[in-house]
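In what follows, a structure is listed as structure tokens, so that the remarks can point back to it.
The values are calculated or read from the model by the stated rules, or taken from the named source; none is laboratory data. Worth saying up front: this structure is predicted, and the values here are computed from it rather than measured. Cβ sites come from the backbone with ideal geometry, for glycine too, and all protein chains shown count toward neighbours. Accessible surface areas use protein heavy atoms only, side chains included; no ligands, DNA or RNA. Shrake-Rupley method; radii C 1.70, N 1.55, O 1.52, S 1.80 Å.
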Amino acid sequence: MITGSCLCRGIRFEVSAELGMVGQCHCEDCRKANGSAFAVNAPVPRESFRFVCGEELLVRYLSSPGKERCFCSRCGSPVFSVFFERDPGTLRLRLGTLDADPGARPVVHGWVSDRASWERLPDDGLPRFATGDPKSLMPRVKLRAEDPGSQGAQSLIAELDAELSKVYPPDAMFGLHGDDHEEGRMVFLVARVRDRPVACGALRTLDAKMGEVKRMYVVPDLRGEGISRRILSAIETIAIGKRHEVLRLETGSRQQAAQSLYRSAGYQEIPRYGEYVNGAFSVCFEKKL
Ligand SMILES: [Zn+2]
Ligand SMILES: [Zn+2]
């Protein structure tokens, strides 16, 4: 359990999850909000965060559209920020408020182009990005095929199923077919940042000319950063290598972000097919390769 508190100790909190990717943000907003050269922030799931006391002291400031910075009204300590429209389930914790060593270490400098003129960047070997531009994360995302039974793959699949089960009944969820991997009908891709598994997707062979995209998932704190697009394009490349001419996929009627990803990548909606014919929540797409 990670614990933290503000300067006056009026606010105390606990976090039951591990920290996401720790970043040092040098943007002007973080500098002003913290009165320091940079803020050290890490995402945590909102449901893992609990106030021990002092929730009534927390106030929110809308620092930019869709983003609130939350701090103690008595002592001013920044506690977390939240993108309440884009990613309301994630809090970006300010690590300076933690009471003990959380174990995680910063892995990236963001917004270095915005840093204070007097700041001397440390020579710590960490990647430095001019902006918070998500695309700059991409060189650090490593993609490779893994056994779907691997620990990383299994943890991503479990997160995906947990997320789907919040919005769909069990019979509207279509997972992998157990024997596909053993019989060579499936390639399962896992994306990692350093060792952390952050995203997955699979290609399943339907027949000689047709493949199917399955199990696309990106961890919540890294969404909107182009990782799913990269996995999709890797799947297409593999499908072309297998001489497939068409890729199909099924997604859910409530997966709006997924549907726009597929449309923008050239997929067109088709009637429900195969095992999804009677899927009340199924929306199916197809792309000619
Ligand atoms: Zn306080
Ligand atoms: Zn910042």
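Anyone know which of GLY274, GLY96, GLY175 comes out most mobile in the 10 Å Cα GNM of the chain?
Among GLY274, GLY96, GLY175, the largest GNM mean-square fluctuation belongs to GLY274.
Give the Rg (one decimal place) followed by the Dmax (whole number) of region 1-100, computed from C-alpha coordinates and expressed in Å.
Computed over the Cα atoms of region 1-100, radius of gyration and Dmax are 12.3, 33 Å.
Could you pull the Cα extents of region 142-289 along its three principal axes, largest to smallest, in whole Å?
39, 35, 31
Could you give the dipole magnitude of region 1-46 about its Cα centre, charging the beta-carbon of Lys and Arg +1 and that of Asp and Glu -1, in debye to the nearest 20? Kindly include the intermediate steps, with their values, before the conclusion.
Values: 5 positive and 4 negative charges, 35 e Å.
Dipole magnitude for region 1-46 comes out near 160 debye.
Give me the net charge for the shell around GLY279: Cβ to Cβ below 9 angstrom, other residues only, Lys and Arg +1, Asp and Glu -1. Don't jump to the answer; show the numbers that get you there.
On the way: positive: ARG272; negative: ASP171, GLU250, GLU275.
Charge balance in the 9 Å sphere: -2.
Using a Gaussian network model on the chain with a 10 Å cutoff between Cα atoms, which of ALA17, ALA153, ALA239 fluctuates the most?
Sorting by GNM fluctuation, first place goes to ALA17.
Let me know the shape class of region 44-115, please: from the alpha-carbon gyration tensor, a ≥ b ≥ c as square roots of the eigenvalues, rounded when a/c is under 1.5, otherwise prolate if a/b is greater than b/c, or oblate.
On the way: a/c = 1.40, a/b = 1.11, b/c = 1.26.
Here region 44-115 falls in the rounded category.
Just grab the label-to-label distance for PHE84 and ASP29, each label 7 Å out from Cα along the Cβ direction, in nm (one decimal).
1.3 nm
Using a simple charge model, +1 on the beta-carbon of Lys and Arg, -1 on the beta-carbon of Asp and Glu, nothing else, what dipole does region 215-256 show about its Cα centre, in debye to the nearest 20? Don't jump to the answer; show the numbers that get you there.
Numbers: 8 positive and 5 negative charges, 19 e Å.
Magnitude of the dipole: close to 100 debye.
Shape of the chain from its Cα gyration tensor (a ≥ b ≥ c, root eigenvalues): rounded if a/c is under 1.5, otherwise prolate when a/b > b/c, or oblate?
Numbers: a/c = 2.35, a/b = 1.91, b/c = 1.23.
Prolate, because a/c is 1.5 or more and a/b exceeds b/c.
Given a 1.4 angstrom probe, what's the average accessible area per residue across region 151-289, in square angstrom? It would help to have the intermediate numbers written out before the result.
Working: 6810 Å² over 139 residues.
Per-residue accessible area for region 151-289 comes out at 49 Å².
Post the alpha-carbon centroid distance, region 227-273 to region 29-105, in whole angstrom.
Taking the Cα centre of each part, region 227-273 and region 29-105 sit 36 Å apart.
Compute a Gaussian network model of the chain, connecting alpha carbons closer than 10 Å, and tell me which residue from TYR217, TYR61, TYR276 fluctuates the most.
Looking only at TYR217, TYR61, TYR276, the biggest GNM fluctuation is shown by TYR61.
With a Cα-only, solvent-free Debye model of region 84-200, what are the log10 I(q)/I(0) values at q = 0.17, 0.22 Å⁻¹?
-1.12, -1.38
Mind giving me the FRET efficiency for ASP99 and ARG229? R0 is 45 Å, r the Cβ-Cβ distance, nearest 0.05 is fine.
On the way: r = 39 Å, r/R0 = 0.88.
With a Förster radius of 45 Å, E is 0.70.
When only DSSP loop residues count, what trypsin sites (Lys or Arg not before Pro) in region 163-235 have their Cβ near at most 13 other Cβ atoms within 10 Å?
Details: sites: LYS166, ARG185, ARG192, ARG194, ARG204, LYS209, LYS214, ARG215, ARG223, ARG229, ARG230; in loops: ARG185, ARG194, LYS209, ARG223.
The qualifying sites are ARG194, LYS209.
More than 13 Å apart: what percent of Cα pairs in region 217-271 qualify?
On the way: 955 of 1485 pairs.
Value for region 217-271 (Cα pairs over 13 Å): 64 percent.
Stretched out fully, how many nm does the piece from GLU182 to ARG120 gain, at 0.36 nm a residue minus the Cα gap?
On the way: separation 62, 0.36 × 62 = 22.32 nm, distance 5.36 nm.
The GLU182-ARG120 span can extend by a further 17.0 nm.
Would you be so kind as to identify which of TYR217, ILE238, VAL187 lies farthest towards the positive end of the dipole of region 179-258, taking Lys and Arg as +1 and Asp and Glu as -1 on Cβ and the Cα centre as origin?
Of the listed residues, the answer is TYR217.
Roughly how many percent of the accessible protein surface of region 67-208 is carbon and sulfur, given a 1.4 Å probe and a whole-percent answer?
Working: 3920 of 7410 Å².
The nonpolar share, carbon plus sulfur, comes to 53 percent.
Let me have the 222 nm mean residue ellipticity of the chain computed from DSSP H runs of 4+ only, each contributing -39500 (n - 2.57), with the sum over all residues rounded to the nearest 500. Spell out each step's value before the answer.
Values: 5 runs with 53 residues, N = 289.
Helices in the chain give a 222 nm mean residue ellipticity of -5500 deg cm²/dmol.
Stretched out fully, how many nm does the piece from ARG128 to LEU62 gain, at 0.36 nm a residue minus the Cα gap?
Values: separation 66, 0.36 × 66 = 23.76 nm, distance 2.68 nm.
Contour length minus Cα-Cα distance gives 21.1 nm.
Placing +1 at every Lys and Arg Cβ and -1 at every Asp and Glu Cβ, with all other atoms neutral, what dipole size does the chain have around its Cα centre, in debye to the nearest 20? Spell out each step's value before the answer.
Numbers: 41 positive and 38 negative charges, 170 e Å.
With only Lys, Arg, Asp and Glu charged at Cβ, the dipole is about 820 debye.
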